[in-house]
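Below is one structure; the comments refer to it alone.
The values are calculated or read from the model by the stated rules, or taken from the named source; none is laboratory data. Treat the numbers as computed from the prediction; the structure is a model and nothing was measured. Positions of Cβ are backbone-derived with ideal geometry, glycine not excepted, and every protein chain shown enters the neighbour counts. Heavy atoms of the whole protein, side chains included, go into the accessibility calculation; ligands, DNA and RNA do not. Shrake-Rupley method; radii C 1.70, N 1.55, O 1.52, S 1.80 Å.
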Amino acid sequence: ALRETEAELTRVSRLTTMGEFAASIAHEVNQPLTAITNNGSACLRLHANHNLDPEVLQRALEEIVADSTRASAVISRIRAFIKKTPAEKTLVNINEVIQEVLALAGHELQKNKILVEQQLTRALPLVRADRVQLQQVVLNLIMNGVEAMTAVTDRPRILRVQSKINESGDVLIAIHDSGTGLGSEADHLFTPFFTTKPHGMGMGLPISRSVIEGHGGQLWAEPNISNGAVFSFTLPVANGSSS
């Protein structure tokens, strides 16, 4: 029963994240739909005027297919992220998870003028994990970094995402931001229901830590060397794994 409750709370947290993303999701889907409508309308006008060149039609149809595929991909990512399924641990490439989450958060990062630096170690060994739960953790840490940088106006807003093997032989993921730093709330970051967000649940970081610990890893926060904070987590390498 406790595991079921934790799984449902994890899912509620994902739904809350999607609620916060509502405007970005609408934008991500609306852009290709608008392009499809514009291409379709242009073809209808040209056809009505008996001026529809085959090459123009070919190009328009190719763009319509590409935009349809793009909109479908956005919806598929969201559906996979929020669906209610039991935890399923499989062999996972953590770099792929990071790329998927950056795609999901792409509009939010652009909107907030955040420069993303990826320092991902190639050929990382695989980890045994629930892919969606790891997506949730990475997305939560990235969005915390985004929020920490919204008030920054006197320096670049840089989000650096790293993946590597640490000294213990575990996979280490570190997400650096150039935001306002941890401040006096540092000791309470992982306390359930503690939040500095006006409409926050205060469960994102506690759930993230619980997920990582459930995978045999650790999650912690520390100040960034210059400005901001670094949230890091480790995951054990899967037995006999190679990338």
Ranked output for segments 88-97, 36-45 by mean other Cβ atoms within 10 Å, highest leading, reads 88-97, 36-45
The correct ranking of ASP154, ASP53 by accessible area at 1.4 Å, largest first, is ASP154, ASP53
Simple SL model, points at 7 angstrom along Cα→Cβ for SER72 and SER226; separation in nm is 4.3
Toy charge model, Lys and Arg Cβ at +1, Asp and Glu Cβ at -1: the stretch 107-183 dipole around Cα centroid in debye, rounded to 20, equals 220
FRET efficiency for ARG59 and THR121 from the Cβ-Cβ distance with R0 = 30 Å, rounded to 0.05, comes out at 0.15
